[in-house]
Amino acid sequence: MKVKNRILTLLILSSASAAAIAAINEVLKITATSRNLLADDNSLCYKWRLGNIHYTKTGSGKPLLLIHDLTAASSGYEWSHVIAGLQEEYTVYTIDLLGCGRSEKVNLTYTNYLYVQLISDFIKNVIGYRTSVVASGESCSIPIMACAHDPSLFDQIMLLNPLSISDYGKIPGKMAKIYKGLIDLPISGTLLYNIVFSRKILAEYFQKEAFYNPFCIKPTHIEHYLEASHLGNSPKSTYASVRCNYTKCNISNALRKIDNSIYLAGGEGIDDIENRLEAYKTFNSAIETFYIPAAKQLPQLEAPEKVIHLIRTYIN
């Protein structure tokens with residue numbers, strides 16, 4: 001009888017603990033999203049087959065698609081400071097990738113091929129014209145792979161701070177699969193996700209990686225990223241897929257195949273950025289590289305005028 005009572009007590013305590021953690025998770029989600037900062041009166045919706053995609057369309061002229069970095073905290077907000085400087089020359093499209101920002105966040109494993117299909121379908125079904133693309137960070141592999149698959153959809157391609165060729169070639173390992181399984185757990189996995197995408201951790205990202213000058217960081221930057229990381233049904237699915245390398249793809253053969261103009265731009269404040277970008281020329285000697293002074297991972301937020309100048313100079 002004593003053993004049964006102990007087991008019953010343990011079950012009750014475990015249930016209470018799980019309920020408490022679930023309540024904490026819900027409070028964190030509500031707190032992060034309550035300000036509704038990402039709401040946009042100009043928001044449009046592309047009903048894609050795997051989920052609704054949020055996008056915006058501004059300006060007139062040659063179509064230009066801006067693709068944000070691929071993290072669970074990323075969204076079209078990343079480009080908010082450059083749109084006004086581009087809309088007089090281009091029809092500017094921003095897109096929240098599936099699993100990011102205001103787009104639908106379905107519980108699945110996101111892959112590079114999934115995003116290649118999304119971008120290709122978006123250009124065909126929404127834009128309807130051959131399109132120039134500017135992509136950022138981890139997302140830079142998406143237009144490269146999509147262009148190699150169907151070059152008729154793409155004009156010029158500019159990549160801001162792409163990962164190294166070797167980083168794009170990483171594949172999920174045994175530990176990655178274990179970690180993804182942990183994140184997928186409904187209560188403890190969600191708590192772990194909430195810790196990774198807390199306001200404190202995002203602030204450290206902006207200070208150490210995103211901005212060259214920490215005094216340029218505005219609280220609203222962090223708040224937008226915090227909100228984006230907690231919107232939707234399953235934002236942690238995006239994080240788990242990216243963190244465990246399911247969204248990566250070896251792009252070396254695609255680079256060799258592409259005939260389109262490709263421009264690479266890197267923030268000079270990023271360690272070893274010159275060697276990283278120069279390595280791309282090994283696979284395509286026609287690639288041109290540029291460096292943005294006093295910038296790191298997000299020059300489009302920290303130094304938007306420099307990014308606008310680059311785009312207007314080379315995307316024509």
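Taking all Cα-Cα distances within the stretch 208-316, those exceeding 25 Å account for 39%. Ordering 215, 292, 100 by Cα displacement along the dipole of the chain toward the positive end leaves 100 in first place; charges were set at the Cβ atoms of Lys, Arg (+1) and Asp, Glu (-1). Computed from the C-beta positions of residue 208 and residue 152 and an R0 of 35 Å, the FRET efficiency is 0.30 to the nearest 0.05. Ranking 149, 224, 81, 68 by solvent-accessible area of protein heavy atoms (1.4 Å probe, all protein chains present), from largest to smallest, gives 149, 81, 224, 68.
Taking amide H atoms as placed 1.01 Å from N in the peptide plane, the amide H of residue 267 lies under 5 Å from those of 161, 292, each 5 or more residues away in sequence or on another chain.
Relative to the Cα centre, the charge distribution of the stretch 90-171, modelled as +1 at Lys and Arg Cβ and -1 at Asp and Glu Cβ, gives a dipole magnitude of about 60 debye.
Just so you know, the averaged projected area of the alpha carbon convex hull for the stretch 134-266 sits at 9.6 nm².
Remark: spin-label model distance residue 216-residue 34 equals 3.3 nm, labels positioned 7 Å along the Cα→Cβ axis.
Going through [x] 38, 19, 16; [y] 30, 24, 18; [z] 36, 21, 19, the figure that equals semi-axes √(5λ) of the Cα gyration tensor in Å as computed for the structure here is [z]. Here the spin labels are modelled as points 7 Å beyond Cα on the Cα-Cβ line, and at residue 167 and residue 313 they lie 2.3 nm apart. With both labels modelled 7 Å from their Cα along Cα-to-Cβ, the residue 52 to residue 113 distance reads 2.9 nm. Overall, the accessible surface of the stretch 207-275 at a probe of 1.4 angstrom is composed of carbon and sulfur to the extent of 43 percent. Comparing 115, 137, 190 along the charge dipole axis of the chain, the residue lying farthest to the positive side is 190, per the Cβ-charge model. Summing Lys and Arg as +1 and Asp and Glu as -1 over all other residues whose Cβ lies under 14 Å from the Cβ of residue 50 gives a net charge of 0. Considering only protein heavy atoms and a probe of 1.4 Å, how much of the accessible area of the stretch 81-196 is carbon and sulfur, as a whole percent? Carbon and sulfur together cover 59 percent of it. One Cα centroid belongs to the stretch 251-306, the other to the stretch 150-165; the line between them spans 10 Å.
Treating r as the C-beta distance of residue 286 and residue 88 and R0 as 30 Å, the FRET efficiency rounds to 0.55. Given R₀ = 30 Å, FRET efficiency for residue 253-residue 184 by Cβ-Cβ distance, to 0.05? E between residue 253 and residue 184, to the nearest 0.05, is 0.40. Electrostatic bookkeeping for residue 59 treats Lys and Arg as +1 and Asp and Glu as -1; over the other residues with beta carbon under 15 Å from its beta carbon, the sum is +1. For the stretch 37-138, the dipole from Cβ point charges (+1 on Lys and Arg, -1 on Asp and Glu) about the Cα centre works out to 380 debye, to the nearest 20. For residue 234, nonlocal amide neighbours, meaning residues 5 or more places apart or on other chains whose placed amide H falls under 5 Å from its own, are 105.
Membrane-span-like helices of the chain, defined as complete DSSP H segments with a Cα extent of 27 Å or more along the helix axis and a mean Kyte hydropathy of at least 0.0, are identified as 2-33. With the chain treated as a Gaussian network of Cα nodes joined by springs under 10 Å, which of 147, 244, 45 yields the largest mean-square fluctuation? It is 45.
Take every Cα-Cα pair in the stretch 47-173 and report what % of them are more than 27 Å apart. Counting every Cα pair in the stretch 47-173, those more than 27 Å apart make up 12 percent. Under 1.5 on a/c is rounded, so check that first for the stretch 194-263, then, if it is not, pick prolate when a/b is larger than b/c and oblate when it is not; a ≥ b ≥ c are the square roots of the alpha carbon gyration tensor eigenvalues. Oblate shape, in that a/c is at least 1.5 and b/c is the bigger or equal ratio. Ranked by solvent-accessible area (1.4 Å probe, protein heavy atoms only, all chains present), the residues 158, 145, 175 order from largest to smallest as 175, 145, 158. Remark: the stretch 40-195 carries 38 Å² of accessible area per residue (probe radius 1.4 Å; ligands, DNA and RNA excluded). Accessible surface ranking for 197, 283, 1.4 angstrom probe, highest first: 283, 197. Using alpha carbons only, the radius of gyration of the stretch 45-103 set against its Kirkwood radius gives Rg/Rh = 0.99. Between amide H atoms placed 1.01 Å from N, distances below 5 Å from residue 90 occur with 60, all of them 5 or more places distant or on a separate chain. In the chain, helices alone account for a calculated mean residue ellipticity at 222 nm of -12500 deg cm²/dmol, with every DSSP H run of four or more residues adding -39,500 (n - 2.57).
The values are calculated or read from the model by the stated rules, or taken from the named source; none is laboratory data. No experiment lies behind these values; they were computed from the predicted model shown. Because the Cβ atoms are built from the backbone with ideal geometry, glycine has one as well, and the counts that use them run over all protein chains shown. Surface areas here come from the heavy atoms of the whole protein model, side chains and all, with no ligands, DNA or RNA. Shrake-Rupley method; radii C 1.70, N 1.55, O 1.52, S 1.80 Å.
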